[in-house]
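Some notes on the structure that comes next.
Nothing in this text is a laboratory measurement; each read-out follows from the coordinates by a stated rule. Predicted model, so just to flag it, every value in this text is computed and none were measured. Cβ placement follows ideal geometry from the backbone for every residue including glycine, while neighbour counts extend to all protein chains displayed.
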Amino acid sequence: MLDNRLSKHLFFSEIFFIISIIAINLGINEVGILFSIYILFLKTSEFKIPKNIFIFLSSILISGIVLSFIYTNYLNISSHYHQAILLRVRFYVIHILYAFSVTLYLYKVDKIRILHLIYLLAIINLMVGFIQLIYQLFFSTFERLSMLTSEPSSIAMFYVFAVPLLLLYQKYNKNAKKGVWSFIILGILIVSKAQILIFLFWIIVFLLKMKMKMKRKLVIIPIIIIFGLFIAQFFLQIHQVNALYRFLSISFNEGLSGLNEQNQIYTSFTFRLSGALTALSLFWEYLSGIGFGTFHPLYIDYMNSSGLGQLLSGSEIIGVLFEDGYATPKSAFLELLVSCGLFFLIPFFFIAKQFLKEKIPFLIKISFFSLVIISFMVELAPFLTYLIILLVLEVKFRNYPRDCELMS
């Protein structure tokens, strides 16, 4: 039996929290600001924050802002870009302060209640996704589901973050099973390329984690592989999956020079690849980071002066080079890496090391791995907020090790 922690009654702060995450996913940052004000100024005396989370977020916030102003002047970045840089700084300040406020709020919330709030978010997205599906089937053509986010890749990040936690939650609340599996099944229709790669990761983890005798594994694993190949044929009929397969195939066979529109490669793929490679190159050159917002002008300089700009082309890249677009690494993780450098990477390394060695439910660790992997491919989602929720859950479950027996 569940106790009052899973009461159907929602307090104002819980409703506000759910609305704020939905708003952040839709790009309405003003609601996130209001939630931060509510927590930071009205509830500060009631909350505490774990030291590792405080150091992690503070390091990102301070280094990103300071380095932005330093390198804007040091690299003589044209004043033409200053407003765009300030807007990017503002974006990260809002998201980091929001992550701070979520930490302060959830640190006093029971761990099962946190899982319950994630379940409620999933159910709300499930209902909206079902409405989208019905509308597309009867009044339009079928497209990928975005649910209550700005685009499919954004809901894909929530999906891969939430699914392991929902599977954990249903062990505490058997009544949630139908809702959990409805979200998992409908969520397949998000059809995000990043999400599909996480599916492969989950299959590999499942095969490695499978508890059975070796003889049985030798029978079941080939069956799963054959079934997987059969399903793969179905997925390859999906336009986005076929495009991803073609991109990977040409990359291996022809290298970067083959990634062009003549080979029917999406210009968004080449733009994403150029952003990621530029981010890694800039990180290697400026290990301390280049600050929030300075990536865009440095991307233009790098693409105009390096061999990468001669290998990769496409309408999106050309648009940015001719000031008709905005460049980012197209990756939440890589943008933090290039912006804050070692001030992000070192605290993240210690947090990840501590997180993975703790005796906590295995599904929470799967959520962590899935979130980090997809953060290399998705940017328009509150990566830091999801990461902070996992770190808070780690603290909660670490303090109650008996709960980990559920995962044995």
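So what J values fall out for region 62-79 if you push phi through Karplus, 6.51 cos²θ - 1.76 cosθ + 1.60 with θ = phi - 60°, rounded to Hz, Gly and Pro as x?
With coefficients 6.51, -1.76 and 1.60, one gets 5, 5, x, 6, 4, 5, 4, 6, 5, 6, 4, 8, 5, 8, 6, 5, 4, 4 Hz.
Of the listed peptides 104-117, 154-167, what is their order by residue-averaged count of other C-beta atoms within 10 Å, with the highest listed first?
Per-residue Cβ counts within 10 Å, averaged per peptide and sorted highest first, yield 154-167, 104-117.
Once you have the Cα-Cα distance between S315 and I15, take 0.36 nm times their residue separation minus that, and quote the gain in nm to one decimal.
103.7 nm
Can you pull out the GluC sites (Glu not before Pro) in region 311-408 that DSSP calls coil and that have at most 12 other Cβ atoms within 10 Å?
E323
Once you have the Cα-Cα distance between R90 and N76, take 0.36 nm times their residue separation minus that, and quote the gain in nm to one decimal.
So the chain would gain 2.9 nm between R90 and N76.
In whole Å, what three semi-axes, largest first, describe the equivalent ellipsoid of region 115-200 built from its Cα gyration tensor (square root of 5 times each eigenvalue)?
Working from the Cα gyration tensor, I get semi-axes of 22, 15, 10 Å.
Compute the FRET efficiency between L137 and L287 as 1/(1 + (r/R0)^6), taking r as their Cβ-Cβ distance and R0 = 56 Å, and round to the nearest 0.05.
0.65
Would you calculate the separation in nanometres between label points at K171 and E323, each defined as 7 Å from the Cα along the Cα-to-beta-carbon direction?
Placing both labels 7 Å beyond Cα along the Cβ direction yields 5.7 nm.
How many angstrom lie between the C-alpha centres of region 159-179 and region 186-206?
17 Å
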